[in-house]
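The values are calculated or read from the model by the stated rules, or taken from the named source; none is laboratory data. Everything quoted here is computed from the prediction, not taken from an experiment. All Cβ positions, even for glycine, are placed from backbone atoms using ideal geometry, and neighbour counts span all protein chains on display. In case anyone asks, the SASA skips ligands and DNA or RNA and just uses the protein heavy atoms, side chains included. Shrake-Rupley method; radii C 1.70, N 1.55, O 1.52, S 1.80 Å.
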Amino acid sequence: MRAPGPAGWGALGRWAAGLKALLHLARALLGRGPAALGLMGLAMAVAAMLISAGAHVWRGAPAAYDALHDATGAPHAWFFLPEHPRREAAAAHIRAMPGVAAVPLELPVATLPLAGVGGERTVPARVYGVDAAGASAQGISGFAVVRGRWPTPGQAEALVDAGLAAALSLPVGGKAVISGLHGRLEVRVAGYTVSALHCPYPDCAPAVLLPRELFRSVAASPQTLVGVRLQDPQDASAFVFAARQELARLGVLADGMSFRDLKAHQRLSHSLTAGFLFLGGALALASGAAVAWHAVAHAAVAGRRVMAMARAIGCTPRQMTAAFALGCGAVGLLAAAAGSPAGWLAAQAWQAGSFGGAAQGARLGAELAGGGLWPAVGAALGVAGAAAVAGGWAGRGTARAGAGAALGAAGGGVPVQLGLRSAGSRPLIILRPVRSLVPALSVAISVATAAGAVTLANTMAAFEREPALLGIFHELTVERVAVERPPVRGDTSGAGEPSRLPPDAVDALLAADPDVSGFHREAWLRVDVPAARESIIVRGLDGDWRGLPWRVLGGRFVAEPGEIALGTTAMERLGVEPGDTIEVAFGPRRAALRVSGAYLELANAGIAGAVAWETFTDLQPGAEPTAWLVRLAPGADPETVRRRLLASGGGRLSVATAGFEPPAAVQAAGRLLDGLAALLGAMAIVAVVHGVAAAVREQRRDIAILKAIGMTPVQLTAATAVGVAAIAVVGTAAGIVTGVLLSLGGFWAASAVSGIGGLEPLFPWGQLAAIAAAAPVAAAIAAVPPAAVAAWAPATQDGGEDI
Amino acid sequence: MSSTELVVDARGLTKAYRDGEIRYPALRGVDLQVRAGEFVALMGPSGSGKSTLLYVLAGLDRPDGGQLRVAGHDLPSMDETALALFRRRCVGIVFQYFNLLHHLDALTNVMLPALLAGTPPGVARARALALLETLDIASLAAKRPPQLSGGERQRVAIARALINEPMLLLADEPTGSVDRGAAEHILDLLAAANARGQTIVLVTHDPAVAGHARRVLHLRNGQIVAGAAAPA
């Protein structure tokens, strides 16, 4: 017979009444442990915030790029045409290609060094000459002003990439210096720009927009940027490949990119951040689930008479389980409702920062809000669901216990664990917490997080201390700067003409420096691989490079002309293995290269390869090195040598210190992980203390019995502490193993996602051993106060109702 | 210990429970002497204070006032550690609801006080098995309490109380949770122990149970109202 429901409401009324009853029951049970519930809520809120932020960053980076691309009417494909007699014909050829809908962009562009006035750091920037009056009126395809305004025609003003401005600390209204062929040009920063044509890395030649008349005064032989919008944007990659082939037939060797490449760079640049956020969210969620388990265990003990009463009046075990699930789910939902929007807002702020400014960031945030709210909602519902499942699962066993047992009659009640070991002639009694999983998980999660954090910090420090681990063997990078008139004393040849130091002169300068122990030369070239319809960057190596310890991941490094070693992503994209042969093309020139192996390549997301100089010049006859990678003698100060080389170069050298500088996203994620480790560590300590206190409370009947038969307070306290320490040893072991696996997995994922390949964590075994030793001791110490309180209380006080 | 020696010497014991401002007197000046080898039954209705008196004698609870010596120990002056050692060495306690440890088997439950007292495990095991044999439950040694009947559990509890050969066995309604047949068996076991010289103080509200004792004391409103004097 079906139970009657409220009159007139039928099945709905019965459901509503049942739900209300369960809510009352959940409140009566879980309300007895507000501290545990609060802790669970905190963990769940943190989890929801991190997962929501991770999902928004993951989804938001490409979405925000799309928004920027649409908002600025950016081209789908663009080409950099070099100065060439047939450049106009090449541009016309692009305009006439099938599939072209419009050509919104045609600008002169040159890569020139830029620095803040008085600043030490110089960054190569891609400087565009723009029609300032037209830009003020109509904007420029692919570029947006995010702070300040467009340059005023006729004024020495520039619009500077927002990320570059942040890196050089250039305020709007501040001064910057562009080193051009005709000397230095000092400009006022009129505003910041972001561009849909530039990758998000600060070392990727960020954009600077100059009025065209000023541009002409600094750039003697500019390239021409031609950007096209396509009828079918999805054809952009194929269009770029086909256009480069067509231009090569005209004899014009042009670089080209599509918006799809830029979108991939955006995802790449944010995937690591999103990954760290997801990892943190998962740890917080696990922590929250563990605390939920503990909260239910606590409630089951404290509220066993409520449970027995409920069972006595007809509450089924399934309803009891549902009450626990409902209560934990409700707390989880409240927590997630607070945490998830916080994560959404944090992601928006991140996004705004990534795209450089308040105005554009807010607008992109609005774009995300329009179609991107679901990650926050999904994170909230997921976290609440996880809380409900954890609560229901934890309450399941208790709910199934007999009603009489729940009443504590006949000595029944909660299950207890008591270990008894004989050690020689003396017994060793260990009181193990009733629900060992809770403190064990708390310890394991905190240890895993700490292990991951110290491993990350140790690895980053090692990379900075020993960049050779990443295939960086040099301390200084030297490049030549073209100037109008060679200012080197006594050198008057070619005065009045743009010129650079000859490579031999750079070699001589370096060889003469007492602190330079060696160097090799490099140049870069984008080549096509027709069989794979892909383009890769080729690094030509010249000079003293063969003896360097390249990080080879498979096969071997380049040894002779006619070979190429590839980065891991290039290897994957081209679908080749060591020993295979690939044909590469640069314009009309083609070369068949044998793949010697894979190596750790930091550049261009690993879509690159290295060849000997002879191979490079076969593809590009007459090529000159563009950079000298300088190794210093042991103990030499890089900054001193840098200044000395700058001085000896007489203004015609750019010298930068090299080494591993973690990307901003990785630095931020590292800080996030440190903060998260601290938060989870604090939560774990609270959870362990609270868990042990609750465990002691659950064991009060056993403690009372053991007191009655003569166990002393010291013995009881020690037995509890030893029991907790034993569990903590297991939790610590699990945590160390998990932390090591997480680190290995994290670096493997970072290697794969970044395309660098071969990144491996460097484990600080000493620190890990210290953590492994300290964690059980800390857990045992945490167990002593509650155990001592219970042990020293009069025997009938704790177990009075049972004895 | 000679049969004339006092195992329990209580004079003017008082004890009250408090619930906020309200005070509930449980013992109001109890005088009680029990000599070695006696079997004393404490009778009285619910709330008369008999269980409180038993807990005070066991060192599980502390009197508010009066003097109390059990097995030569001045209990009110002892701290918790000393009381624990006193319980371990001098008294055995049998509870109405058995209070066995559910996750240990019957044999280990019985062995536990001996192990706590430093008895070598082999000796403790042999002694526990002998006691279980005496109580006719040796075949149940490997079973855990939830697998035993009420009468069987109480016999395990009696074995646990006796394993350290205490000077005083205290039993709180030992037959209160078992059927009549089991109750008779338990009382016969206690009588047999007493016949071997074991001093016993038993709390009950059942005259039939009290009839097994050699001396019966009546408590009412926290005071002994009859038979307080120890026989010479």
*Considering only the stretch B:3-18, state which residues are open to solvent by 20 Å² or more (accessible area, probe 1.4 Å) and away from every other protein chain (no Cβ under 13 Å).*
B:SER3, B:THR4, B:GLU5, B:LEU6, B:ASP9, B:ARG11, B:GLY12, B:THR14
_Among the residues listed as A:ALA64, A:ALA74, A:ALA92, the single one being outside any strand (DSSP E or B) and out of contact with any Leu (no Cβ under 9 Å at 6 or more places or on another chain)_ = A:ALA92
*Consider A:LEU253 against the criteria (1) part of a helix (DSSP H, G or I); (2) modelled with pLDDT of 75 or more: it satisfies all of them except one. Which criterion is unmet?*
(1)
*A:ALA207, sole failed condition from (1) touching an Asp or Glu at 6+ places or on another chain (Cβ under 6 Å); (2) modelled with pLDDT under 85; (3) of a type outside the set (Phe, Trp, Tyr)*: (2)
_I'd like to check something: does the stretch A:549-556 contain any residue that is modelled with pLDDT of 85 or more and of a type in the set (D, E, K, R)?_
yes
_From A:PRO153, A:PRO124, residue being surrounded by fewer than 20 Cβ atoms within 10 Å (Cβ to Cβ), in a strand (DSSP E or B) and out of contact with any Phe, Trp or Tyr (no Cβ under 8 Å at 6 or more places or on another chain)_ = A:PRO124
*For the stretch B:148-223, which strands (runs of 3 or more DSSP E) that fit wholly inside it have 2 or more residues that are open to solvent by 30 Å² or more (accessible area, probe 1.4 Å) and over 20 Å from B:PHE86 (Cβ atoms)?*
B:215-220
_Residue list for the stretch A:57-92, restricted to those being of a type in the set (Gly, Ala, Ser), within 30 Å of A:ALA248 (Cβ to Cβ) and open to solvent by 30 Å² or more (accessible area, probe 1.4 Å)_ = A:ALA89, A:ALA92
_Subset of the stretch A:258-280 [in contact with a strand residue (DSSP E or B) (Cβ under 8 Å, 6 or more places away or on another chain) and either small (Gly, Ala, Ser) or at pLDDT below 85 (or both)]_ = A:SER258
_Kindly evaluate B:ALA128 against the criterion of being open to solvent by less than 20 Å² (accessible area, probe 1.4 Å), within 10 Å of another protein chain (Cβ to nearest Cβ), modelled with pLDDT of 85 or more and over 30 Å from B:THR52 (Cβ atoms)._
no
_Matching entry among A:GLY681, A:GLY723, A:GLY739 (being open to solvent by less than 40 Å² (accessible area, probe 1.4 Å) and modelled with pLDDT of 85 or more)_ = A:GLY739
*asked:* Among the residues of the stretch B:80-115, what is the count of those that are more than 9 Å from every other protein chain (Cβ to nearest Cβ), farther than 24 Å from B:VAL203 by Cβ and not aliphatic (A, V, I, L, M)?
replied: 1
*Any pair with Cβ under 8 angstrom, 6 or more apart, that starts in the stretch B:16-27 at a residue that is at negative phi and ends at one that is of a type in the set (Lys, Arg) and open to solvent by less than 60 Å² (accessible area, probe 1.4 Å)*: B:PRO25/B:LYS15; B:ALA26/B:LYS15; B:LEU27/B:LYS15
*Have a look at B:LEU27, B:LEU54, B:LEU75, B:LEU112 and point out the one that is surrounded by 23 or more Cβ atoms within 10 Å (Cβ to Cβ) and touching a strand residue (DSSP E or B) at 6+ places or on another chain (Cβ under 7 Å).*
B:LEU27
*Looking at (1) buried (at least 16 other Cβ atoms within 10 Å of the Cβ); (2) in a helix (DSSP H, G or I); (3) modelled with pLDDT of 85 or more, which is the only condition B:ILE93 fails?*
(2)
*Go through the residues of the stretch B:54-64 one by one and say whether even a single one is closer than 18 Å to B:LEU162 by Cα, without any contact (Cβ under 8 Å) to a residue 40 or more places away in the chain, within 11 Å of chain A (Cβ to nearest Cβ) and in a loop (DSSP other than H, G, I, E, B).*
yes
